[in-house]
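The values are calculated or read from the model by the stated rules, or taken from the named source; none is laboratory data. Given the structure is predicted, the values throughout are model-derived calculations rather than measurements. Every residue, glycine among them, receives a Cβ derived from its backbone with ideal geometry; neighbour counts consider all protein chains shown.
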Amino acid sequence: MLLWENPPRLSGRAKFDGFLATTGKLSHSRYPTSAKKLSRIRRSFKSDSAILPGMSVRLRKKPRVAIVGAGNLAGALAVSLHAAGYGIDLIISRRRAASLQRARRLAREVGASAAKDAGAQIQAEVVWFCVPDAAIAGAARSLLGAADWNGKIALHSSGALTSDELDVLRKQGAAVASVHPLMTFVHGSRPPLDQVPFAIEGDQRAVLAARAMVEDLGGRAFNIHKQQKEAYHAWGMFGSPLFTALLAASEEVAAAAGVSQKAARQRMLPILSQTLSNYARLGAPGSFSGPIARGDVDTVRKHLAVLRGVPAARDVYVALARAALRDLPAKNRTALERILKA
Ligand SMILES: NC(=O)c1ccc[n+]([C@@H]2O[C@H](COP(=O)([O-])OP(=O)(O)OC[C@H]3O[C@@H](n4cnc5c(N)ncnc54)[C@H](OP(=O)(O)O)[C@@H]3O)[C@@H](O)[C@H]2O)c1
């Protein structure tokens, strides 16, 4: 039986040991805690049930969370964490009035308070930075005096930057990690986080806490090495931002064919969705069709000629056609390579 309840009064790191111990994330093999200490923590989080006296109850304490920023990721994360039973204490904004207003709006949705970074007082055990990559280190610096960082967990969600971005808080005793959801968050859309992969690296205590939170969200945590983050994020770019750029370029070509942007979007959807479903089931080589796969050199030559009228889209076409010749099954490869070089 699982109950939410205030745990015994523990401070700093012990609080987190308690959280991890009761979620079952803490074990001797994965975490350097003595057996004696671990069993003391576990004992302190168990008690008799008030509902059914005598029945042993396993208490599980979720840490409280403060979120820095109120943009696209912050909105989705705050709402999902709230729905997963996490208390969101505080949404922190930078000083501008409009920023505080956005933080207040989000705070209202999740029962939190809002504060500017200058006057913020952070009680939450987890602080999650959801600001642009270039602002993470600065935002961490601006919150140095807002909390006793010793024992806290500080997370950021950049795909390319490592946990070292939060070094300034690590030096104050916080455990830090980068926790990147491989998902797209845009204004007007807050996708659920269940099934979303999260790439995690950082200090062990922060990684364990982040994994527990991701699991509670229904997401899929996986480890990544610091040195792999840049390549990992470049890969992620293909999943949404560059894919969207490709669709935007395709709309320019649709216009040349007399198809409006709106109609292009509607008419593209069935083929797009079938391609994704083929990719999921058959992989890239098994999903590849069209004139390159068939080796229809004349058809590709006609495309290249007509696309001279849409030069930016032609560049995209040529780059992708060359990639296809390199990576995917194709016929008349040599002839196709020749016309794509011209
Ligand atoms: N969006 C995605 O698809 C996505 C996916 C995975 C990971 N991420 C990561 O999530 C993080 C946030 O991205 P986002 O897309 O949510 O950005 P966003 O929508 O632009 O929101 C950024 C938030 O940070 C605040 N902010 C901007 N500059 C700041 C500064 N100098 N100091 C403090 N706060 C500042 C902004 O507040 P005001 O402008 O209102 O002041 C805004 O609330 C980034 O690290 C990004 O890599 C994003």
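Just to be sure before I move on: is Ala78 among the small types (Gly, Ala, Ser), away from the ligand (no atom under 14 Å from the Cβ) and either farther than 17 Å from Phe198 by Cβ or in contact with a helix residue (DSSP H, G or I) (Cβ under 6 Å, 6 or more places away or on another chain) (or both) in the structure I sent? So Ala78 fails the test. Can you tell me how many residues within the range 300-340 are closer than 24 Å to Ala257 by Cβ and either in contact (Cβ under 8 Å) with a residue 12 or more places away in the chain or touching a His at 6+ places or on another chain (Cβ under 8 Å) (or both)? Residues flagged as closer than 24 Å to Ala257 by Cβ and either in contact (Cβ under 8 Å) with a residue 12 or more places away in the chain or touching a His at 6+ places or on another chain (Cβ under 8 Å) (or both) within the range 300-340 amount to 20. Tell me, yes or no, whether the range 195-207 has at least one residue that is surrounded by 18 or more Cβ atoms within 10 Å (Cβ to Cβ), assigned to a loop (DSSP other than H, G, I, E, B) and touching a residue at least 60 places away in the same chain (Cβ under 8 Å). No, the range 195-207 contains no residue that is surrounded by 18 or more Cβ atoms within 10 Å (Cβ to Cβ), assigned to a loop (DSSP other than H, G, I, E, B) and touching a residue at least 60 places away in the same chain (Cβ under 8 Å). The set of residues from the range 118-136 being near the ligand (Cβ under 10 Å from one of its atoms) and either part of a helix (DSSP H, G or I) or crowded, with 21+ Cβ neighbours inside 10 Å (or both) comprises Trp128, Phe129, Cys130, Val131, Asp133, Ala134, Ala135, Ile136.
Applying a threshold of 8 Å to beta carbon distances and a minimum spacing of six or more residues, or different chains, the list of pairs starting in the range 264-282 at a residue that is under 15 Å from Thr244 (Cβ atoms) and ending at one that is of a type in the set (Asp, Glu) reads Ala264/Glu251; Arg265/Glu251.
Among the residues in the range 136-154, are any among the acidic types (Asp, Glu) and in contact with a Ser or Thr (Cβ under 7 Å, 6 or more places away or on another chain)? For the range 136-154, residues among the acidic types (Asp, Glu) and in contact with a Ser or Thr (Cβ under 7 Å, 6 or more places away or on another chain): absent.
Matching residues to (1) under 18 Å from Ala124 (Cα atoms); (2) within 11 Å of the ligand (Cβ to nearest atom):
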site: Asp148; (1), (2): yes, no
site: Glu165; (1), (2): no, yes
site: Val176; (1), (2): yes, no
site: Gly188; (1), (2): no, no
site: Arg205; (1), (2): yes, no
site: Ala221; (1), (2): no, no
site: Tyr232; (1), (2): no, no
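Within the range 281-291, identify whether any single residue is at pLDDT 95 or above, aliphatic (A, V, I, L, M) and surrounded by 15 or more Cβ atoms within 10 Å (Cβ to Cβ), and answer yes or no. No - not one qualifying residue is present in the range 281-291. Between a residue in the range 215-235 that is outside any strand (DSSP E or B) and any residue that is surrounded by 13 or more Cβ atoms within 10 Å (Cβ to Cβ) and among the aromatic types (Phe, Trp, Tyr), which pairs come within a Cβ distance under 6 Å, given they are 6 or more apart or on different chains? Listed pairs, sorted by first residue: Gly219/Phe198; Ile224/Tyr232.
Pairing residues of the range 156-170 that are farther than 11 Å from Ala137 by Cα with residues that are β-branched (Val, Ile, Thr) and part of a helix (DSSP H, G or I), at Cβ distances under 7 Å and at least 6 apart in sequence or on separate chains, gives Ser158/Ile136. Test Trp149 against the criterion of being assigned to a loop (DSSP other than H, G, I, E, B), at pLDDT 95 or above and crowded, with 23+ Cβ neighbours inside 10 Å, and give yes or no. The answer is yes for Trp149. Restricting to the range 213-272, give me the number of residues that are more than 28 Å from Leu307 (Cβ to Cβ) and among the basic types (Lys, Arg). Counting residues in the range 213-272 that are more than 28 Å from Leu307 (Cβ to Cβ) and among the basic types (Lys, Arg) gives 3.
Which of the residues spanning the range 98-111 are of a type outside the set (D, E, K, R), more than 10 Å from the ligand (Cβ to nearest atom) and within 22 Å of the chain's Cα centre (by Cα)? Ala107, Val110 - these are the residues of the range 98-111 that are of a type outside the set (D, E, K, R), more than 10 Å from the ligand (Cβ to nearest atom) and within 22 Å of the chain's Cα centre (by Cα). Cβ-Cβ contacts under 6 Å between residues 6 or more apart (or on different chains), taken from a first residue in the range 240-263 that is within 21 Å of Leu182 (Cα to Cα) to a second residue that is within 16 Å of the ligand (Cβ to nearest atom), are listed as Ser240/Thr184. Pairs meeting the criteria (first residue in the range 115-139 and polar (S, T, N, Q), second residue part of a loop (DSSP other than H, G, I, E, B) and modelled with pLDDT of 95 or more, beta carbons under 8 Å, at least 6 apart or on different chains) are Gln121/Ala147; Gln123/Arg64; Gln123/Ala147. Tell me whether the range 82-97 contains one or more residues that are assigned to a helix (DSSP H, G or I), more than 8 Å from the ligand (Cβ to nearest atom), surrounded by 23 or more Cβ atoms within 10 Å (Cβ to Cβ) and modelled with pLDDT of 95 or more. Scanning the range 82-97, I find no residue that is assigned to a helix (DSSP H, G or I), more than 8 Å from the ligand (Cβ to nearest atom), surrounded by 23 or more Cβ atoms within 10 Å (Cβ to Cβ) and modelled with pLDDT of 95 or more, so the answer is no.
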